[in-house]
Amino acid sequence: MSETYDVAVIGGGPGGYVAAIRCAQLGLNTVCIDAWKNAKGRASLGGTCLNVGCIPSKALLESSEHFFQVQHDIAAHGIKVENATIDVPAMIARKDKIVTTFTAGIASLFKKNGVKSIHGTGKLLKRADTDAAWRIDVTDGDTVQQVQAKYVIVATGSVPRQLPMAEVDNDRILDNAGALSLSETPQRLGVIGAGVIGLEMGSVWRRLGAEVTILEAMPEFLMAADAQIAQEARKIFIKETGLKIQTGVKINAINTNDTQVTVDYLDAEGQSQQLVVDKLIMAVGRAPNTTGLGINENGLKLDERGFIAVDAGCRTSLSNVYAVGDVVRGPMLAHKASEEGVFVAEAIAAREKGDDQQHDAPDFNTVPWVIYTAPEIAWVGKNEQELKAAGIPYKAGQFPFMANGRARAMNAASGFVKILAHAETDRVLGVHMIGPHVSEMIAEAVMAMVFSACSEDIAAIVHAHPSLSEVFHEAALGVNNRALHI
Ligand code: FAD
Ligand code: NAI
């Protein structure tokens with residue numbers, strides 16, 4: 001017997017579970033099919049983000065930052081703490097508890113909103129005729145269950161990219177899941193890839209005392225960020241966090257034995273080097289996950305990089321089949337996945353009401369990026385390299401946290417905020433931040449850009465004193481050379 005729904009969502013991460021909730025809120029009979037099993041072998045909703053991504057990594061970043069501050073910063077406040085120690089299993093248990101609270105929370109949200117939840121791998125099968133619903137075979141162990149739905153939202157996410165010379169065993173060679181579950185701080189930790197995961201996970205274990213070396217293939221550090229921010233970040237991470245970062249390397253071989261991992265590589269000068277560590281984190285990017293979805297049978301088109309091909313409205317090559325989140329083009333971020341999920345749910349509900357107008361998904365240019373290192377890095381919109389390459393005339397205003405009273409009171413005055421505005425119209429084109437709590441401050445910049453604000457508009461807004469947000473205000477004043485406190 002197969003059950004029939006208006007919408008079947010395949011994948012229960014932030015793209016899929018949010019889409020499912022919104023569909024149900026809009027009155028669509030919805031099922032969410034998800035294959036995730038946690039380390040205990042139990043079904044666990046929330047995908048990468050909740051199980052082995054955003055939430056657990058931020059829990060460990062928070063714990064390790066407290067430990068680092070106790071050891072390095074707290075004395076500046078006159079507080080003496082001697083012989084502080086870290087109980088790594090207790091820290092991991094706290095992280096696991098946060099994860100289970102949130103994954104169970106999604107199950108409750110599904111119940112509350114009337115979303116049917118099925119555990120298993122969903123395979124999308126071609127319709128026998130165009131009037132019939134899509135068929136999805138859901139496999140969980142030896143059990144196969146059939147589901148039918150008029151619309152399908154694919155939100156199958158991404159998986160860690162692998163290097164052919166190194167097999168992740170989550171004992172010596174770790175992916176993100178392994179890096180989030182170590183039972184003790186390794187003495188020597190290597191990280192391949194100085195991207196977002198490499199920097200965040202490298203920071204966690206460095207703050208807990210590991211000697212951390214990050215090897216990055218690209219010649220420049222953090223090439224996705226504004227070059228000035230990246231330069232400042234590299235300086236601070238080396239000097240204040242104590243990370244060792246090498247760019248422009250070429251990894252030749254990775255070998256493990258019972259006690260260590262040896263990485264043979266060429267450095268930026270082409271010299272042969274060897275790094276010997278106790279554990280090695282592989283953080284070389286993530287790949288779209290289309291395994292088990294039946295793409296050979298259903299003919300779902302992929303793009304040249306293996307992502308499910310979609311148009312601006314998240315429509316795939318198959319009729320009534322949409323795809324959102326990490327498995328499609330665009331930034332691999334939880335909030336981007338969720339926004340697409342909501343957008344598609346609303347597009348489907350509109351179609352059901354006879355509105356066939358083609359709407360475009362959220363604008364990626366106003367999707368914020370945050371790297372949760374210390375200091376944090378955040379940006380939205382275009383950076384200076386991109387504006388120069390596009391020949392767009394701009395002016396810049398910049399202000400350092402060093403000149404901000406609140407940041408000084410917090411003893412966290414590294415970094416700055418930079419606002420880029422159009423040279424003629426003054427419209428804000430991009431905002432780039434490195435400093436304390438900029439993950440929160442970036443929201444004001446996103447709001448400004450979404451409402452097409454000019455730097456003058458921000459300059460005219462009263463910001464509380466003393467607050468970190470005054471740095472943003474002063475940067476806006478700086479765009480027209482009006483900064484007051486520098
Ligand atoms: P996923 O979260 O990957 O969920 C996909 C789900 O689909 C999974 O549960 C999977 O098991 C399931 N699935 C796959 N195939 C099938 C199938 N055939 N049938 C049924 N189920 C299937 N982003 C941020 O915005 N902020 C952060 O701070 C952040 N931190 C991160 C830290 C780490 C260590 C990592 C790895 C990622 C982080 N990300 C962060 C990225 C974020 O996790 C992803 O962008 C987000 O999870 C993507 O959501 P999604 O729903 O597209 O896919
Ligand atoms: P990434 O794309 O951010 O970084 C991967 C890095 O590995 C790049 O700098 C790349 O040049 C480097 N690399 C690739 N091959 C290499 C090789 N052979 N040798 C050395 N270096 C190599 O990918 P990452 O860190 O794996 O994260 C994946 C994605 O997950 C991110 O892009 C982001 O979308 C998401 N994420 C978001 C977070 C956040 O929002 N705070 C936190 C963590 C992940």
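Which of the GluC sites (Glu not before Pro) found in the stretch 229-303 are in a DSSP loop and have at most 12 neighbouring Cβ atoms, other than their own, within 10 Å? The qualifying sites are 269. The residues 364, 237, sorted by heavy-atom accessible surface at 1.4 Å with ligands and nucleic acids left out, run 364, 237 from largest to smallest. Each residue was assigned an accessible area with a 1.4 Å probe, and for residue 335 the value is about 80 Å².
Label 7 Å along Cα→Cβ of residue 74; the stretch 392-415 residues with amide nitrogen under 17 Å? The answer is 410-412, whose backbone nitrogens lie closer than 17 Å to the label point. Please say if the chain is rounded, prolate or oblate, where rounded means a/c under 1.5 for a ≥ b ≥ c the square roots of the C-alpha gyration tensor eigenvalues, and otherwise the choice is prolate for a/b larger than b/c and oblate otherwise? Here the chain falls in the oblate category. A Förster radius of 45 Å, combined with the Cβ-Cβ distance separating residue 139 from residue 465, puts the computed FRET efficiency at roughly 0.15.
Per residue, how much accessible area does the chain show when a 1.4 Å probe rolls over the protein heavy atoms, in square angstrom? Spell out each step's value before the answer.
On the way: 22350 Å² over 486 residues.
Solvent-accessible surface per residue comes out at 46 Å².
Only protein heavy atoms count here; on that basis, with a 1.4 Å probe, residue 49 has an accessible area of about 20 Å².
Taking all protein chains as shown and a probe of 1.4 angstrom, residue 425 keeps an accessible surface of around 80 Å². In percent, rounded to a whole number, the relative contact order of the stretch 60-218 is 22, using alpha-carbon pairs under 8 Å and six or more apart. Straightening the chain between residue 303 and residue 353 buys 14.9 nm, computed as 0.36 nm per residue apart minus the Cα-Cα spacing.
Quick one: ranking 171, 278 by accessible area, 1.4 Å probe, largest first, what do you get?
Values: 171 80, 278 30 Å².
Greatest to least solvent exposure: 171, 278.
Placing unit charges on the Cβ atoms only, positive for Lys and Arg and negative for Asp and Glu, gives the chain a dipole magnitude near 520 debye about its Cα centre. Once the Cβ-Cβ distance of residue 291 and residue 392 is raised to the sixth power relative to R0 = 41 Å, the FRET efficiency obtained is 0.50.
Nonpolar atom fraction for the chain, defined as the carbon and sulfur part of the 1.4 Å probe accessible area, stands at 51 percent. Taking the Cα centre of the stretch 173-284 as origin, work out the dipole magnitude from +1 charges on Lys and Arg Cβ and -1 charges on Asp and Glu Cβ, in debye rounded to 20. The calculation lands at about 180 debye. For residue 305, neighbours were defined as the other residues whose beta-carbon sits under 14 Å from its Cβ, and their charges (Lys and Arg +1, Asp and Glu -1) total +1.
For the chain, the relative contact order works out to 14 percent when only alpha carbon pairs closer than 8 Å and six or more residues apart are counted.
Full extension of the chain between residue 276 and residue 82 yields a length gain of 66.7 nm, computed as 0.36 nm times the residue separation minus the alpha carbon distance. Our coupling estimate for the stretch 43-59, obtained by passing each phi through the Karplus curve with A = 6.51, B = -1.76, C = 1.60 and θ = phi - 60°, is 4, 8, 6, x, x, 4, 3, 7, 7, 9, x, 3, 6, x, 5, 5, 4 Hz, Gly and Pro reported as x. Across the stretch 375-479, C-alpha contacts under 8 Å between residues 6 or more apart give a mean separation that, scaled by the residue count, equals a relative contact order of 34 percent. Of all DSSP beta bridges confined to the chain, the antiparallel ones make up roughly 65%. The packing ranking of peptides 254-264, 14-24, 62-72, highest mean first, is 14-24, 62-72, 254-264, where packing means the average number of other beta carbon atoms within 10 angstrom of each residue.
Within the stretch 35-66, list the residues whose amide N lies under 14 Å from a label point set 7 Å along Cα→Cβ of residue 183. None, by backbone N distance to the label point.
Mind putting a number on the dipole of the stretch 375-479 about its Cα centre? Charges go on the C-beta only, +1 for Lys and Arg and -1 for Asp and Glu, and I need it in Debye to the nearest 20.
Numbers: 7 positive and 11 negative charges, 43 e Å.
Here the stretch 375-479 has a charge dipole of around 200 debye.
The values are calculated or read from the model by the stated rules, or taken from the named source; none is laboratory data. What you see is a predicted model; the values in this text were computed from it and never measured. Virtual Cβ from ideal backbone geometry, glycine too; neighbours counted across all protein chains shown. Ligands, DNA and RNA are excluded from the accessible area calculation, which covers all protein heavy atoms including side chains. Shrake-Rupley method; radii C 1.70, N 1.55, O 1.52, S 1.80 Å.
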